[in-house]
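Notes follow once the structure below has been shown.
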Amino acid sequence: VRVAPADIGGEAPSGRIFLLTYRDISQTRRIDRMRSDFVANASHELRTPLASLRGFIETLQGPAKNDAKAQERFFGIMHEQATRMSRLVDDLLSLSRLELKSHIAPEDPVDLVPLLGHVRDSLQLLASDLDVTISLEVPAEPVVVRGDRDELIEVFENLVENACKYGQEGKKVEVRLTGGEGSQAEVSVTDHGPGIPAEHVPRITERFYRVNVEASRSKKGTGLGLAIVKHILTRHRARLLIHSEVGKGTVFTVRF
Ligand code: ADP
């Protein structure tokens, strides 16, 4: 852009070339807002169990000082709250570690067949506590993808655990792996629970987004599980597809 000195009111000699640069800061603003929302949400989530812990400590020092029965009950609740805080901090650390390496794609060969067997075994106890059966269907041959074994375990543990917890009343959770030599690997996790109303589906992988906060809390959720899943899958260049029908159930599909 050639600007005459008169236009800018400066003392630059006539004919000098100025570069005017414009930067759209709406994206930066959006990220700043998301960051501060995140800090506010995380603080709020930590403050709730902390306030409860303080309340119980005060009660134990005062009114319940000589009440052994109340003490036992309160210690149990305090233990639960402390566990909840640890879970939250672990998930927050997990997210921030993933953010640091989001641009690096993990490249180890990982066979999904034994990996999904491991996931099913590790959730067997939770499933039987909830009276849910997990079925696993895999091809006879290996299905190898490039990735990070531990992170992929975290993805499928999260999806299967959610299917057991939120789809509990459907009694059955089905994990299916397809693909193999030359074809795209795909894992689907199906439950027959209440489903997710359509308006919530697009936001379900946002940090701290829950359809029902109380239900999530009572099921020991932190609201960060699917955000972690999404981060890991992005790093693996894999997609997460969600298909849900209210009253029928939900299918989470990971497509590599
Ligand atoms: P949380 O720790 O609350 O489980 P997630 O990020 O794993 O957090 O899930 C976010 C929310 O998505 C949950 O609180 C729940 O409302 C909903 N959700 C996740 N999986 C399912 C499912 N299989 N069926 C119904 N709702 C689900």
Subtracting the Cα-Cα distance of residue 35 and residue 60 from 0.36 nm times their residue separation yields 5.2 nm
With a 1.4 Å probe and all protein chains kept in place, how do 18, 74 rank by accessible area, largest first? 18, 74
For region 120-185: relative contact order, % (alpha-carbon pairs under 8 angstrom, 6 or more apart): 48
Suppose we look only past 24 Å in the calculated P(r) of region 119-219. What percent of the Cα-Cα pairs does that tail hold? 29
May I ask you to work out the translational diffusion coefficient for region 36-97 at 10 °C, viscosity 1.306 mPa s, via Stokes-Einstein with Rh from the Kirkwood sum over Cα pairs, reported in whole µm²/s? 123
Could you report the accessible area of residue 230 in Å², rounded to 10, computed with a 1.4 Å probe on the protein chains as they sit in the structure? 90
Roughly speaking, what is the centre-to-centre gap between region 202-239 and region 55-133 when only Cα atoms are used, to the nearest Å? 15
Give me the 1.4 Å probe accessible area per residue for the chain, excluding ligands and nucleic acids, in Å². 61
Can you give the extra length, in nm with one decimal, that the chain gains between residue 218 and residue 77 once fully stretched, where that is 0.36 nm per residue apart less the Cα-Cα distance? 49.5 nm
Mind putting a number on the dipole of the chain about its Cα centre? Charges go on the C-beta only, +1 for Lys and Arg and -1 for Asp and Glu, and I need it in Debye to the nearest 20. 860
Sites residue 140 and residue 245, calculated FRET efficiency, Cβ-Cβ separation with R0 45 Å, nearest 0.05: 0.90
Ignoring any ligand, DNA or RNA, what whole percent of the accessible area of region 25-100 comes from carbon and sulfur when the probe is 1.4 angstrom? 57
In whole percent, what relative contact order does the chain give with Cα contacts below 8 Å and a gap of six or more residues? 16
Taking the dipole of the chain about the Cα centre (Lys, Arg +1; Asp, Glu -1; charges at Cβ), the one of 167, 179, 104 that reaches farthest to the positive side is 104
Sparse-neighbourhood loop hits (trypsin sites (Lys or Arg not before Pro), region 97-150; DSSP loop; Cβ within 10 Å at most 10 others) -> none
Along the charge dipole of region 186-237, which of 204, 232, 193 sits closest to the positive end, that is, farthest toward it, with unit charges on the beta carbon of Lys, Arg, Asp and Glu (+1, +1, -1, -1)? 232
Around residue 144, with a cut-off of 13 angstrom between Cβ atoms, what is the net charge of the other residues, counting Lys and Arg +1 and Asp and Glu -1? -3
Hey, with R₀ at 45 Å, roughly what FRET efficiency would residue 17 and residue 107 work out to, going by the Cβ-Cβ distance, to 0.05? 0.40
Share of region 154-256's accessible area from carbon and sulfur, percent, 1.4 Å? 49
Report the normalised scattering of region 125-183 as log10 I(q)/I(0) at q = 0.15, 0.23, 0.30 Å⁻¹, calculated by the Debye formula with identical scatterers on the alpha carbons. -0.54, -0.97, -1.20
Cα extents of region 178-256 per principal axis, largest first, Å, are 44, 27, 22
Residues in region 237-253 that a label on residue 201 would reach, taking backbone N under 17 Å of a point 7 Å out along Cα→Cβ: 239-253
Please name whichever of 249, 27, 78 sits farthest to the positive end of the charge dipole of the chain, dipole taken about the Cα centre and charges placed at Cβ: Lys and Arg +1, Asp and Glu -1. 27
Binning at 10 Å from 0, report for the chain what percent of all alpha-carbon pair distances ends up in each bin. 6, 23, 27, 19, 10, 7, 5, 3, 0
Given springs between every Cα pair under 10 Å in a Gaussian network model of the chain, which of 166, 209, 22 has the largest fluctuation? 22
Of 127, 40, 227, the most mobile residue in a GNM of the chain (C-alpha springs, cutoff 10 Å) is 40
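The values are calculated or read from the model by the stated rules, or taken from the named source; none is laboratory data. Fair warning: this is a prediction, and the values are worked out from it, not measured in the lab. Counting neighbours? That spans all protein chains shown, and the Cβs are built from the backbone with ideal geometry, glycine included. Keep in mind that these areas ignore ligands, DNA and RNA; they rest on the heavy atoms of the full protein, side chains included. Shrake-Rupley method; radii C 1.70, N 1.55, O 1.52, S 1.80 Å.
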